[in-house]
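The values are calculated or read from the model by the stated rules, or taken from the named source; none is laboratory data. The structure presented is a predicted model; accordingly, all values stated were derived computationally and were not measured. All Cβ positions, even for glycine, are placed from backbone atoms using ideal geometry, and neighbour counts span all protein chains on display. Surface accessibility is based on the protein's heavy atoms, side chains included, excluding ligands, DNA and RNA. Shrake-Rupley method; radii C 1.70, N 1.55, O 1.52, S 1.80 Å.
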Amino acid sequence: QVQLAESGGERVQAGGSLRLSCAVSGRTFSSYSMGWFRQPPGKEREFVAAIGPIGGSTFYSRTVRGRFTISRDNAKSTVYLQMNDLKPEDTAVYYCAGRLVPIPAVSTEGYNFWGQGTQVTVSS
């Protein structure tokens, strides 16, 4: 059973930075595509960023491109989300997700495994 555990969420002021981590159990992490999604209060879960199995392919939503960076360390079975220049509208529960198909996806339906989420709150 694959398990994902996010960490790094906290309250931060607008303009600040955070790095989220997602540790993944399982022996084949290097074959998974990984994604980050978020769910703002009262809204649906939305795509944030995704990365291919070896990190060569990355994708971002229009709202975070240029501010957020997704990366992975396959030796540590961990995927990261570096978030800079945070805005109040980035406030959400952030989830990481794993996909057995080695091609990143932007839809929640494309992912097989999900973490429990970590809260990010950006105050103005």
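Scanning the range 18-32 for residues that are open to solvent by 60 Å² or more (accessible area, probe 1.4 Å), touching a residue at least 24 places away in the same chain (Cβ under 8 Å) and not small (G, A, S) yields one hit, R19. Annotation: of all residues in the range 63-86 being among the basic types (K, R) and surrounded by 15 or more Cβ atoms within 10 Å (Cβ to Cβ), the one that is farthest from A23 (Cα to Cα) is R67. Scanning the range 33-42 for residues that are over 11 Å from the mean Cα position of the chain (by Cα) and in contact (Cβ under 8 Å) with a residue 12 or more places away in the chain yields S33, Q39, P40, P41. Scanning the range 1-55 for residues that are closer than 13 Å to T121 by Cα and not in a strand (DSSP E or B) yields G8, G9, E10, A14, G15, G16, S17, P40, P41. Comparison of R72, R62 shows that the only residue that is modelled with pLDDT of 95 or more and in a strand (DSSP E or B) is R72. Is it the case, given these coordinates, that Y94 is farther than 24 Å from S124 by Cα and either part of a strand (DSSP E or B) or among the charged types (D, E, K, R) (or both)? So Y94 does not fit the description; no. Summed over the range 75-91, the residues that are more than 20 Å from Q1 (Cα to Cα) and either of a type in the set (S, T, Y) or not in a strand (DSSP E or B) (or both) give a count of 9. Within the set G15, G52, G35, G42, the sole residue that is surrounded by fewer than 15 Cβ atoms within 10 Å (Cβ to Cβ) and farther than 14 Å from A92 by Cα turns out to be G15. For the range 87-98, the tally of residues that are open to solvent by less than 20 Å² (accessible area, probe 1.4 Å) and closer than 21 Å to S25 by Cα stands at 4. Within the range 99-118, being farther than 15 Å from S7 by Cα and either in contact with a helix residue (DSSP H, G or I) (Cβ under 8 Å, 6 or more places away or on another chain) or open to solvent by 70 Å² or more (accessible area, probe 1.4 Å) (or both) holds for R99, L100, V101, P102, I103, V106, E109, N112.
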